[in-house]
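So the structure is just underneath, and the comments pick up after that.
Derivation of every value follows stated rules applied to the coordinates shown; laboratory data play no part. The structure displayed is predicted, hence computed values, not measured ones. Neighbour counts run over all protein chains shown; Cβ positions are idealised from the backbone, glycine included.
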Amino acid sequence: DGGITQSPKYLFRKEGQNVTLSCEQNLNHDAMYWYRQDPGQGLRLIYYSQIVNDFQKGDIAEGYSVSREKKESFPLTVTSAQKNPTAFYLCASSARTLTDTQYFGPGTRLTVL
Amino acid sequence: GDSVTQMEGPVTLSEEAFLTINCTYTATGYPSLFWYVQYPGEGLQLLLKATKADDKGSNKGFEATYRKETTSFHLEKGSVQVSDSAVYFCALSVLEESSYKLIFGSGTRLLVRP
């Protein structure tokens with residue numbers, strides 16, 4: 001089945017530690033995105049990537065980093081510089097050149113202890 | 001800048017009631033409009049979309065019409081079920097630097113009681 005997978009579903013981190021969230025897609029989509037969702041709020045864009053080895057900052061990139069070494073994978077690292085990292089993180093992808101519709105993974109809930 | 005405004009929730013309805021969730025937008029140009037649904041603890045699922053004025057998107061009994069004159073994209077369903085309980089997000093798509101980006105409303109929680 002084609003889709004987007006994110007792992008792990010729940011992640012706990014101590015303050016001061018970096019942590020990496022995984023996102024993989026087998027939809028052959030060019031573009032991939034990372035969003036952050038806080039309780040009772042909409043989604044805010046962290047980073048996005050249109051093609052391999054290229055990515056751009058979104059609206060709230062500070063304290064986060066990404067890489068795009070393969071088309072299928074777009075991991076997000078939450079660094080210790082992120083002041084308030086506890087949130088629900090969603091990955092999405094789209095066939096950039098064909099449509100603007102984005103499809104989402106199941107999400108990772110990160111809690112900083 | 002571009003933005004999306006949704007009615008605040010929660011919206012609480014009895015089963016088989018009529019649903020309307022209001023969504024208005026501000027945008028330059030002619031964005032595509034979307035409704036996504038999020039069930040508890042899950043990611044977002046695309047519910048429906050419309051790409052130009054007067055288009056009607058529909059799926060699973062839900063409908064929304066792209067109204068350019070009122071800059072609205074209200075979500076409707078004639079008869080809701082308990083299983084429709086979820087958070088609904090309205091979004092618009094903007095093209096920036098050759099890449100599409102979604103701008104989301106804050107979401108509206110729907111609770112349907114038996």
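Could you compute the net charge surrounding A:I46? Neighbours are other residues with a C-beta less than 13 Å from the C-beta of A:I46; K and R count +1, D and E count -1.
+1
Stick to the Cα atoms of the protein assembly as shown, pair each with every other, and give me the Kirkwood hydrodynamic radius in Å at one decimal.
Mean inverse Cα-Cα distance, inverted, gives 18.1 Å.
In whole Hz and in residue order, list the ³J(HN,Hα) couplings for segment A:43-54 that follow from phi through the Karplus curve 6.51 cos²θ - 1.76 cosθ + 1.60, θ = phi - 60°; x for Gly and Pro.
8, 10, 7, 9, 8, 9, 9, 8, 8, 4, 6, 9
So, in Å, what gap is there between the alpha-carbon centers of segment A:2-35 and segment B:9-26?
31 Å
Can you tell me the equivalent ellipsoid semi-axes for segment A:1-42? Use √(5λ) from the Cα gyration tensor, largest first, whole Å.
Whole-Å semi-axes of the equivalent ellipsoid: 24, 15, 10.
Provide the FRET efficiency to the nearest 0.05 for the B:T26-A:A95 pair, computing r from the beta carbons and using R0 = 30 Å.
So the FRET efficiency works out to roughly 0.65.
Counting other C-beta atoms within 10 Å, which of B:T65, B:T12 has the fewest, and how do the rest follow?
Arranged by neighbour count, lowest to highest, B:T65, B:T12 become B:T12, B:T65.
How large is log10 I(q)/I(0) at q = 0.19 Å⁻¹ when the Debye formula is applied to the Cα atoms of chain B, each weighted equally and without solvent?
-0.94
Specify, per residue and in Å³, the volume enclosed by the convex hull of the alpha carbon atoms belonging to segment A:1-87.
103 Å³
At what distance in angstrom do the alpha carbon centres of segment A:41-63 and segment A:99-113 lie from each other?
Here the answer is 12 Å between Cα centres.
Find the Cα radius of gyration of segment B:44-85, compare it with 2.2 N^0.38 Å by division, and give the number to two decimals.
Expressed relative to 2.2 N^0.38 Å, the Cα Rg reads 1.22.
FRET efficiency for B:K68 and B:F18, Cβ-Cβ distance as r, R0 = 25 Å, nearest 0.05?
0.55
Net charge around A:C23, counting only other residues with Cβ within less than 15 Å of its Cβ (Lys, Arg = +1; Asp, Glu = -1)?
+2
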